[in-house]
Structures are given as C-alpha cells and as structure tokens.
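S.K.: Okay, handing you the structure first.
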Amino acid sequence: MPILHAIVLGAVQGLTEFLPVSSSGHLAIVPWLFGWNDFADDQIQKAFDVAVHVGTLVAVVFYFRRDVARLVVGGWKALFSRGEPVTDDGRFAWLLVLSAIPAAIVGVAANSVIDRLDDEIGLIAVMLIVFGVVLYVVDKYLPGRRQAESFRLRDSVLMGLGQALALQPGVSRSAVTIIAARGLGFARESAARIAFLMSIPIIAGAALYSVVDIGGPSGIPVDLRWAFLAGMLSSALTGWLAVWGLLRLVQTATFAPFAVYRVIVGLGVLAVLASSFR
C-alpha cells in the first residue's frame, strides 16, 4: 500500500467520520473511483480500517478531553458511589454508553452482511442522496432550541437506534444522529456536540472488536506498518479539524451545504456507474 494512498484514505476517514457525509461510504467510493487495490485480502483491509478509526477516536477524545475526563469521573461515581445522588455528568456518561448498544448489537449480529455492503457502490450513492435530503428537510423545518444538558433517556434510545442505521455505508453515523437530534428539538450546535460525544463509545467499541477479530497488532503486515501509521496520523489530524470546523460552522450556518454535497456526490457516483468511465 503506497503511503500516499494511506494518507489520502486517512484524511477521508478523519473528515467524513465527523462531517455528516458518511465515512464508510467515502472509504468505499474513493478506492473504487481511482481503481486502488491496496489490500491483498479483507483481513488487511479490516486492519487498516481499525488504524484510521483509532486515529479519529484519538482526535475526538483529544478535542473533548475536558468533557471526557469529567464524564468518566461522573460515570464512575454513578456506578460505585452508593448513597450519593447521580450527577448530571454521571447520567450523561451512561446515556452515551446506552446509545451505543443498538449499533453494537446490529454490528456484531450482521457483521458479514455489513462487510458485503461496502461493495454496493450504487446503494451507497442512493443512501447519500436519500439521507442528504432528509438532513436538509429536518434541519430546515424542525428548528430546535434544546441544549446538550437536556439529553435524556428517550433521546439516547432514539438517537442510538438511528445510529444503528449508519452501519449501512452512505447513511453516515454523524448525519443520522444529527437528524435524530434535530428532530428531538436540539439546537444545531448541541446536536453536533452530542453526535460527536456519542461517537466515542461506538468507535472505541468497534475498534476493540475489530482488533480482536484481526488478531491484534500482529494482524498488520510488517511491510505495511509505516503506511498504517501514516493513515492513522492523517485521520487524527483531519478528524480534529472536522470537529473543530463543524462546531464553529453551525454557530452561524445550517447543515444545508453538507446535504447538497451528499446529493451531488451521490448523483455523480450514479452517473459514473451508468457511464463507461469507470
């Protein structure tokens, strides 16, 4: 695998994991479009996916490091400090963990099916378009003012169920959780903030599951480790930029640009499929 390819795919993962445009969809489309065949088998591709996901996990944890530290302490106290009232941080922490359960169950139960969906480029394009339209409509016509502090059990369950839909490449975990949050009345910045914090347990859990599945670090071929490291660093840097940029953008703008981008990319992919270009 050329290091340049690893850097490009790491950047694609870092940006699209947090922007509402589908990381899994883009990681399937980019190599397909350019004809890159960098992985000798599915196991090595899984190993690379783990590497770039770890990069994005590092990015989001570092960006929210103060929040994460506070939530970890609050969650620990809520679990082991008997007789003391549960703090807002403790409640929020366990609601974030709860939100990851639907996607975790579906991901483990349908792992082989999900792996095959990565090759369905036409379906990915359709999902980009469909959920781009849904994102636009919900963001425009369901304005909300709720803040992240009002996150409750009902929100965690509904957003967690939505998050499970993102196992289909092209849907986007970030997009579907933002759509659900906006539908539940959260303000744009709060919706994005909750979506980012929800990503921590699900990315960490998926990465751990995949590490076990590939047999740990030994599953990475020695001659590819520099490329994997380059991809990881690229995804970490661009992931941090994506979180930083989106949280600032939504303070003054809507999610419409991402909805439009999704539709354009989806239509473009369908056009390529229908032509002799590819």
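The values are calculated or read from the model by the stated rules, or taken from the named source; none is laboratory data. Here the structure is a predicted model, which is why all the values come from computation and not from measurement. Here Cβ is always computed from backbone atoms with ideal geometry, including for glycine, and neighbour counts include all displayed protein chains.
Residue-wise test of (1) assigned to a helix (DSSP H, G or I); (2) touching a residue at least 24 places away in the same chain (Cβ under 8 Å); (3) in contact with a Ser or Thr (Cβ under 9 Å, 6 or more places away or on another chain).
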position	(1), (2), (3)
Leu33	yes, yes, no
Ile44	yes, yes, no
Ala59	yes, yes, yes
Arg70	yes, no, no
Arg82	no, no, no
Asp89	yes, no, no
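Each row is one residue, and each column tells you yes or no for (1) at pLDDT 85 or above; (2) under 28 Å from Leu237 (Cα atoms); (3) basic (Lys, Arg).
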position: Val73; (1), (2), (3): yes, yes, no
position: Leu79; (1), (2), (3): no, no, no
position: Val86; (1), (2), (3): no, no, no
position: Arg91; (1), (2), (3): yes, no, yes
position: Leu96; (1), (2), (3): yes, yes, no
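S.K.: Another question about this same structure. So which residues in region 134-182 are surrounded by 24 or more Cβ atoms within 10 Å (Cβ to Cβ) and over 18 Å from the mean Cα position of the chain (by Cα)?
M.R.: Selection gives Phe151 alone.
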